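**Q** The structure under discussion is supplied below as structure tokens; questions concerning it will follow.
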Amino acid sequence: MGVAIAGMVVVSFARDHPVWAAAIVCLVLAVLGGGLLLRYQAIEARRRQFLAANVELAKIDRMSGPQFEHLVAQRMIADGFRQVRERGGSGDRGVDITAVAPGHGKYAIQCKRYSKTVGAPDVRNFLGALANTFAGHIGVLVTSGQLTRQARLEALGAREPLILVERDRLADWLLGTVSLLPVRPKGVLIEGEEPAG
């Protein structure tokens, strides 16, 4: 009942004072937009601080598997991936993170926070997940360790070769100096992007 009365008062005010009503609506929208912008900036600042605090490989070596997955997910968001979803844990169906890269498709990421090497069976399991449950996804294997020679051959020899981020490349990627996204030729627009000018 109270909502209906308030609605009638608002409609009556807007009808009797359209200029003031429009000004109030603009003011409310500006305040809401400013609040959303400030929230976005605060989230981005926290992400940058988190990434900066965890780029050292020695810190990564002390992380748990879920902490490492969270770090990888945050780096992906910072790189421009969208719909980043941490899936790790029991029932993850062989993939720890899924994401979408605008203009590049869907990605499925397997994270291995290993102090030892990643072997060929780990790679085969991931390739199986990509062939079945995550068909059509670009596969990325991120590890704090190194792949064995056989594991690397399996990854690169697959029908759809995996993107590999091993220990040496991991440090550069976490610093933001390399990207998982393919380099786009100049002048090529991605769907949803507007030309400058």
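Where a number appears in this text, it was derived from the coordinates with a stated rule and is not lab data. This is a predicted model, so every value here is computed, not measured. Because the Cβ atoms are built from the backbone with ideal geometry, glycine has one as well, and the counts that use them run over all protein chains shown.
**Q** Using per-residue counts of other Cβ atoms within 10 Å, averaged over each peptide, order 57-67, 4-14, 158-168 from highest down.
**A** Per-residue mean Cβ counts within 10 Å order the peptides as 158-168, 57-67, 4-14.
**Q** Another question about this same structure. Report, in deg cm²/dmol and to the nearest 500, the calculated mean residue ellipticity at 222 nm for the chain, where each DSSP H run with n ≥ 4 adds -39500 (n - 2.57) and the sum is divided by the residue count.
**A** Value at 222 nm, helices only, nearest 500: -16500 deg cm²/dmol.
**Q** Out of all DSSP beta bridges in the chain, what portion is antiparallel? Express it as a percent rounded to 5.
**A** Here the antiparallel bridges make up roughly 45 percent for the chain.
**Q** Looking at the square roots a ≥ b ≥ c of the eigenvalues of the Cα gyration tensor of segment 29-142, which shape do they give, rounded for a/c under 1.5, prolate if a/b is larger than b/c, or oblate? Write down the numbers at each step before the final one.
**A** On the way: a/c = 2.85, a/b = 1.50, b/c = 1.90.
Oblate, because a/c is 1.5 or more while a/b does not exceed b/c.
**Q** With helices defined as uninterrupted DSSP H runs, which ones in the chain have an alpha carbon span along their own long axis of at least 30 Å and mean Kyte-Doolittle hydropathy of at least 1.0?
**A** Sorted by number, the helices that extend far enough and score high enough are 18-53.
**Q** Each label point is 7 Å from the Cα along the Cα-to-Cβ direction; what then is the distance between the points at His17 and Asn132, in nm?
**A** 6.7
**Q** Around Ala101, with a cut-off of 10 angstrom between Cβ atoms, what is the net charge of the other residues, counting Lys and Arg +1 and Asp and Glu -1?
**A** That sum, taken over residues with Cβ under 10 Å, equals +1.
**Q** Assuming R0 = 30 Å, what is the FRET efficiency of Val10 and Tyr40, from their Cβ-Cβ distance, to the nearest 0.05?
**A** 0.55
**Q** Related question: As I understand it, the dipole of the chain uses +1 on the Cβ of Lys and Arg and -1 on the Cβ of Asp and Glu, about the Cα centre. Which of Val31, Leu153, Ile97 lies farthest toward its positive end?
**A** Highest projection toward the positive end goes to Leu153.
**Q** Also, I was wondering about something else. Cβ under 13 Å from Phe134's Cβ, Phe134 left aside: what net charge do those residues give with Lys, Arg +1 and Asp, Glu -1? Walk me through the numbers on the way to the answer.
**A** Numbers: positive: Arg85, Arg87, Arg93, Lys106; negative: Asp92, Asp96, Glu160.
Here the count lands on +1.
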